[in-house]
1. In the set Lys103, Lys97, which member is surrounded by fewer than 16 Cβ atoms within 10 Å (Cβ to Cβ), out of contact with any Asp or Glu (no Cβ under 7 Å at 6 or more places or on another chain) and basic (Lys, Arg)?
2. Cβ-Cβ below 7 Å, separation at least six or inter-chain, first residue in segment 30-52 and without any contact (Cβ under 8 Å) to a residue 40 or more places away in the chain, second assigned to a helix (DSSP H, G or I): which pairs?
3. Name the pairs: first residue in segment 56-81 and in contact (Cβ under 8 Å) with a residue 40 or more places away in the chain, second residue part of a loop (DSSP other than H, G, I, E, B) and among the hydroxyl-bearing types (Ser, Thr, Tyr), Cβ to Cβ under 6 Å, at least 6 apart or on different chains?
4. Any residue in segment 53-73 that is farther than 27 Å from Asp160 by Cβ and in the same structural domain as Lys182 (by TED's automatic domain parsing)?
5. Collect the residues in segment 261-299 that are in a loop (DSSP other than H, G, I, E, B) and modelled with pLDDT of 80 or more, keeping them in residue-number order.
6. Can you name the residue in segment 30-69 that is aromatic (Phe, Trp, Tyr) and assigned to a helix (DSSP H, G or I) and, of all such residues, is surrounded by the most Cβ atoms within 10 Å (Cβ to Cβ)?
7. Do any residues in segment 110-137 that are more than 17 Å from Ala77 (Cα to Cα) have Cβ atoms under 6 Å from those of residues that are in a helix (DSSP H, G or I) and of a type in the set (S, T, N, Q), where the two are at least six apart or on different chains, and which pairs are they?
Amino acid sequence: MKAYIFFPLILLFLSTAQANTGHRLGGDIYFPENTLYSFELAIKHLQSNEKFHYAEFDVQESKDGYAVVFHDIKNIARIVPDNEYNRTVLSRFNADKTFKKIKISDLFIDEIVRLKLKNNARIPELVDVLEAAVDLGLNKPILVEIKSLKTDECRQKTIDTVASYKNKLNINFLAFKSSFNKSFPDKTRWGAEFKKHDLTVFTAKKAKKPKNNLSKSVPAASLNWKFSTLVNETVFIKNETTRIIQFPFAFENSNDKSYALNVGIKHGLDDYGDKGLYVNILDKNENLLYSFFSKEKTWKWKTLNNLNKDEYIVSIEDKDTSFSSKSPGNKAQIKINLVEM
């Protein structure tokens, strides 16, 4: 009989130098993350690429014991838009309770699945993602990252649900050690369950993050790639008409070469409501390709790989800076570099 190593857990290193485009169901490229919307696009456009190592998503438990797919444990604010519709869904909370004070674990499943995210995406249940993986033709491994499971009923149901797809998917679990220990405190009991269902649990260890500069914002193997700067601008967001600033650009796309974009943003946080800047990467028809948020005073870089077009628009958006203070506005710098591989 096959021998199993259950504890210590099998170690899997997660490194920014080996980016996985299947991370959070393709959510590093297609926003919002951990949704069927991002997953469908990732399988369609990314999984044939060698950088799609495996599909990965996060599960945690709802207030009434369902395994739902959502990354952030502290609150829902980063992913769930605070708008009138979602406020109506969550009307049982006091109106003054911000989304920064509401967690997934505070919400019942019928509330969670009705919330609307960007691009009309929804927060799926565990089984929804596994069904989609089969229907969409996932041919890479899939790892279910355990974030927070609090009841024995949900723990058992999560294991049973994943095990029921073993004959259809190359599927196992992933967890940081602290998250796993909190989610499965009885090692003997739950170790036996994982072993019974032939399920491996990989434990994740993050590699140290490099300093935030261009040469280390792309895979190490690319340090000999050619870089050219397409946009290098300093802008001042000084009134309501400048809250969104767009930077269209183009480059010559050679069929025998592949390219990546490095997009960097740097801005000065002020004391008058500014929490950060949103960066959206669009095609020439203004279809959203990728989005990220930066609250860093230093440079924050994101890489967009596998470019199949040669005309793009990068926009920066400031949603909250006050223009009525003594030092109104927000000074920002943006750089866009083309990497020729």
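1. Details: Lys103 fails: surrounded by fewer than 16 Cβ atoms within 10 Å (Cβ to Cβ).
Criteria check complete, one pass: Lys97.
2. Close Cβ pairs satisfying both conditions: Leu41/Gly26; Ala42/Leu25; Ala42/Gly26.
3. Gly65/Thr151; Val68/Ser62
4. Step one: of segment 53-73, the residues farther than 27 Å from Asp160 by Cβ are none.
No, segment 53-73 contains no residue that is farther than 27 Å from Asp160 by Cβ and in the same structural domain as Lys182 (by TED's automatic domain parsing).
5. Applying the first criterion (in a loop (DSSP other than H, G, I, E, B)) to segment 261-299 yields 268-276, 284-287, 295-299.
Matches in segment 261-299: Lys284, Asn285, Glu286, Asn287.
6. Within segment 30-69, the first condition is being aromatic (Phe, Trp, Tyr), and the residues that meet it are 30-31, 37, 39, 52, 54, 57, 66.
Right, trim to assigned to a helix (DSSP H, G or I) and you get 37, 39.
On the way: Tyr37: 22, Phe39: 28.
Filtering first and then ranking leaves Phe39.
7. As it stands, the answer is Leu126/Thr161; Val127/Thr161, since those pairs meet every condition given.
The values are calculated or read from the model by the stated rules, or taken from the named source; none is laboratory data. The structure presented is a predicted model; accordingly, all values stated were derived computationally and were not measured. In this analysis, Cβ positions are derived from the backbone assuming ideal geometry, glycine residues included, and neighbour counts consider all displayed protein chains.
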